[in-house]
Amino acid sequence: MMKQLLVYLLFFPSLIFSQTSDNIQSNDSNLYYQIFGSGKPILIINGGPGMNSEGFGYLAKELANRNYQCILYDQRGTGKSTLKEVNAKTVTMDAMVKDIENLRQHLKIEKWTILGHSFGGILASYYSTKHPETIDKLIFSSSGGVSMNFTTTIQERLENNLTKNQLDSLTYYRRKIANGDTSVETATQRAKYLAYAYVYDKSKAPIIAERLTQVKMNINALVFNNLVAIKYNCTDSFTNFKQPVLILQGKNDIISVETALEIETAFPNSKLVLMENCGHYGWLDAYELYFNSIVNFLNT
């Protein structure tokens, strides 16, 4: 049995890492988190809003296998992070920043790298305005911007990433949902066609479609309403932010290159990597460039 295990590990070294999970009480939220591997700590903030961290286990494991300690957590009201009440008072950007800081203090981490993907980049930016002293390095992965400007082009870019048949089908199922259809079948079909907009390699779309069915739309709406309410804009907040910043942006993403340039301009010590033939998920469409860029950045 031991010999078989050693052979297995030889041929599948990417499976070698330690993993733990636990919960903490963060104000009014029961916050669930996981830790993969060991080494310098990296907090991965997943996209959404309204999504759990489940789909980011692959990213955490890949980085853990490169000798980093990767921390995932479910944002409040999603996955295994529970709230007694879900409303405009319990789901806010400030509450989510407090969750991150409570987690850092619980884990006794002095400084960490934060990798924010999509909405996770927005939350990483906002956290960095409140607790810049805790940041070692920042990584923005297909990130929403340091302001709400990205919202003006995202729908057009999304539609441009679809064929006419895909867009027509998506529109059909969106209308059904808008008219009160709450069936699993309709939600699944909507996710199926929407997923094609997120990846350059369309064969990867089913992976994204499964994730899109997990979005909690009430959480999603509450977060975006709060971003508007607080007039989210960190454009001029990082003049004295000297920590290194990496920005990874697919040229075919639903988020525009202009958004990545806005982030680059906001951070004095930043580097932008543009990925050809790449959509919203760099690790799916541009695996080598995506991970090589991160590892080189972390090792510098």
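Quick note: the coordinates plus some simple rules give every number you see, no bench work behind them. Every value quoted in this text rests on a predicted model; they were computed, and no experiment measured them. Heads up, the Cβs are rebuilt from the backbone with ideal geometry, glycines too, and the neighbour counts pull from every protein chain shown.
What does the charge count near GLU210 come to, summing +1 for each Lys or Arg and -1 for each Asp or Glu among other residues with Cβ under 13 Å from its Cβ?
+3
Give me the count of lysine pairs in region 85-224 whose alpha carbons sit under 24 angstrom apart, restricted to pairs 8 or more positions apart or on different chains.
Final tally of qualifying lysine pairs is 22.
Tell me the label-point distance for the pair THR171, THR265, using the 7 Å Cα-to-Cβ offset, in nm and rounded to one decimal.
3.4
Rounded, prolate or oblate: pick one for region 261-300, where a ≥ b ≥ c are the square roots of the eigenvalues of its C-alpha gyration tensor, a/c under 1.5 means rounded, and failing that, prolate if a/b is larger than b/c, else oblate.
Oblate shape, in that a/c is at least 1.5 and b/c is the bigger or equal ratio.
Quick one: net charge around GLY37, please, counting Lys, Arg +1 and Asp, Glu -1 for every other residue with C-beta under 11 Å from its C-beta.
Charge balance in the 11 Å sphere: +2.
Could you pull out every residue, at least 5 positions away or on a different chain, whose amide H is within less than 5 Å of the one on ASP136? Hs are placed 1.01 Å off N in the peptide plane, and Pro or chain starts have none.
TRP112, THR113, ILE114
Could you pull out every residue, at least 5 positions away or on a different chain, whose amide H is within less than 5 Å of the one on GLY77? Hs are placed 1.01 Å off N in the peptide plane, and Pro or chain starts have none.
Amide H neighbours of GLY77: THR82, LEU83.
If amide hydrogens are placed 1.01 Å from N in the peptide plane, which non-local residues have theirs closer than 5 Å to the one on LYS40?
GLN69
For every other residue with a beta carbon closer than 13 angstrom to the beta carbon of SER147, add +1 if it is Lys or Arg and -1 if Asp or Glu, then tell me the sum.
Neighbour charge sum, excluding SER147 itself: -2.
Quick one: order CYS70, CYS234, CYS278 by neighbouring beta-carbon count within 10 Å, fewest to most.
Ascending number of Cβ neighbours within 10 Å: CYS234, CYS278, CYS70.
Between ASN233 and ASP136, 0.36 nm times their residue separation minus their Cα-Cα distance comes to what?
Between ASN233 and ASP136, full extension yields 32.7 nm more.
What length, rounded to one decimal in nm, is gained on full extension from ALA178 through to ASN240, with 0.36 nm per residue of separation minus their alpha-carbon distance?
Stretched out fully, the ALA178 to ASN240 stretch lengthens by 17.8 nm.
Is the shape of region 141-182 rounded, prolate or oblate, going by the alpha carbon gyration tensor and its root eigenvalues a ≥ b ≥ c, with a/c under 1.5 for rounded and a/b larger than b/c for prolate?
Note, shape of region 141-182 comes out oblate.
How high is the relative contact order of the chain? Use alpha-carbon pairs under 8 Å, at least six apart in sequence, and give a whole percent.
17
Peptides 103-110, 39-46, 140-147, 56-63: what's the order by average Cβ count within 10 Å, highest mean first?
So the peptides 103-110, 39-46, 140-147, 56-63, ranked by packing, come out 140-147, 39-46, 56-63, 103-110.
Applying 1/(1 + (r/R0)^6) with R0 = 30 Å to the Cβ-Cβ distance of GLN25 and LEU274, what FRET efficiency is obtained, to the nearest 0.05?
0.10
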